[in-house]
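Step one of this worksheet: look at the structure below.
Read-outs: derived from the displayed coordinates by stated rules, not from any lab. Keep in mind that what you see is a predicted model, and the values were worked out from it rather than measured. Cβ atoms come from the backbone with ideal geometry, glycine included; neighbour counts cover every protein chain shown.
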Amino acid sequence: MNELGAALHSSAGTPGRTARHVHFDATTHARLLLRVDRTLAIRDAIIRAIKPGDRVLDAGCGTGLLSLLAIEAGAKEVLAVDRDHVSLAQELVRENRADGKITVIEGDLSSNHEATISGRFDLLLTFLYTNHIIADEDRSFLIDDLLHNFGNDGCAMIPNKVIYRAVACDWPQYDASSEISDLRRMISGLEHRYSLKFGSLFDSVAAEIHFSRSRPTIHEDYSWMPGSTGGTYRYQRGAGAFLSDEAPVISIGYEKGTRFKGLPQSFEITLSRPGTLTGVMWIQELWFGDVLIWVSESFSPVSQPIGVRPNDKVTAYLDEDWRKSNVLPVRLKGKASP
């Protein structure tokens with residue numbers, strides 16, 4: 001179960017693509033568990049999904065809370081896998097006297113899940129999402145693989161559907177083109193001072209800066225407090241304006257016999273009010289059947305601000321440059337790209 005406010009980090013992933021991972025510590029886990037509305041929605045889904053005697057895979061188990069809920073709901077056995085804080089999950093399983101039914105193991109599912117997992121399962125708990133559309137594309141491929149490689153016929157998944165929508169925004173504090181220009185000027189100054197080339201440094205920093213602010217940071221007085229979210233994790237309103245209604249991007253449904261093929265190459269937004277388009281807010285919904293488990297928001301600045309009017313149409317391109325930098329190329333319909 002991934003904490004939405006944690007920082008994204010880069011590491012090796014799908015060839016030709018930068019993988020983004022979330023750093024966890026005990027405080028992050030505590031903050032996540034204290035989002036009780038989310039956990040209660042997941043518990044309701046687990047109760048509905050589990051049949052007595054089921055074998056369950058808890059992929060990305062975190063503290064092991066969902067494994068404990070699965071045993072409570074009637075599962076016979078749970079295999080819980082994570083790459084971080086496995087000892088904490090093991091201690092909590094022992095503390096709750098479930099170590100005879102829950103096996104917690106350390107493993108990086110993104111790199112070699114077939115060496116980590118064995119057998120087939122009746123229910124997959126796959127809360128592997130970082131709640132950022134770029135990072136979660138690779139995770140959707142991984143989750144799809146887990147279902148087809150380790151799910152029994154009729155295997156249930158929680159969540160079993162992920163929906164993405166997008167809203168055009170006039171968000172003044174996000175001006176990607178100005179920041180990139182400033183960065184390029186500063187790196188150029190370094191090159192002149194040292195008589196060295198720093199193009200790779202520019203590329204690396206440019207690929208990070210617009211991920212670092214791509215998700216809201218909302219906490220209360222202590223770092224472990226989650227804030228009041230009401231079933232969502234979202235930006236504070238008032239920092240900008242919405243220029244459109246929610247535009248559909250993709251709905252990902254996980255089931256045997258169908259495979260996830262990746263995000264679309266582009267999508268279109270129709271503007272509903274005038275303003276300056278400076279970014280797109282992504283809305284991610286995690287579902288189990290008709291149970292809405294969680295809603296989160298993330299943000300991509302556009303490559304160049306665009307003045308827009310009602311009924312204008314903008315095409316956004318989900319290309320590899322966007323995946324690397326989180327800066328979204330857009331084109332106003334009927335006009336050349338900036």
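Please state the relative contact order of the chain as a whole percent: Cα pairs under 8 Å, 6+ residues apart?
Taking the mean separation of contacting Cα pairs over the length of the chain, I get 19 percent.
Can you pull the one-decimal nm distance between simple spin-label points at SER266 and SER204, each 7 Å off the Cα toward Cβ?
Distance between the two pseudo-spin positions: 3.4 nm.
Give me the Debye-computed log₁₀ of I(q)/I(0) at q = 0.15, 0.17, 0.19 Å⁻¹ for the stretch 8-160, equal point scatterers on Cα only, no solvent, two decimals.
Taken in order of the listed q values, log10 I(q)/I(0) reads -0.76, -1.00, -1.27.
What relative contact order, as a whole-number percentage, does the stretch 192-338 give when Cα pairs under 8 Å and 6 or more residues apart are counted?
Normalised by residue count, the contact order of the stretch 192-338 is 24 percent.
So how long is each side of the stretch 237-305 along the principal axes, counting just the alpha-carbon atoms, biggest first, in Å?
44, 26, 18
Mean separation of Cα pairs under 8 Å and 6+ residues apart, divided by the residue count of the stretch 8-160: what relative contact order is that in percent?
That works out to 22 percent.
From the C-alpha coordinates alone, can you work out the Kirkwood hydrodynamic radius of the stretch 42-105, in Å?
Across the stretch 42-105, the inverse of the average 1/r is 11.3 Å.
Be a star and scan the stretch 289-319 for residues whose amide nitrogen sits under 20 Å from the point 7 Å along the Cα-to-Cβ vector of ASP44.
289-297
Under a GNM of the chain (C-alpha, springs under 10 Å), which listed residue has the highest mean-square fluctuation: ASP144, ASP312, ASP221?
ASP221
Dipole of the chain, Cα-centred, from +1 at each Lys and Arg C-beta and -1 at each Asp and Glu C-beta, to the nearest 20 debye?
Rounded to the nearest 20 debye, it is 720 debye.
Which residue fluctuates most in the GNM of the chain (Cα springs below 10 Å): LYS197, LYS261, LYS76?
Fluctuation is largest for LYS197.
Put +1 on the Cβ of every Lys and Arg and -1 on every Asp and Glu Cβ in the stretch 163-332; which of ILE163, PHE211, SER177 then has its Cα farthest towards the positive end of the dipole?
SER177
Once the mean 1/r over all distinct Cα pairs of the stretch 191-305 is inverted, what Kirkwood radius in angstroms do you read off?
In the stretch 191-305 this quantity evaluates to 18.0 Å.
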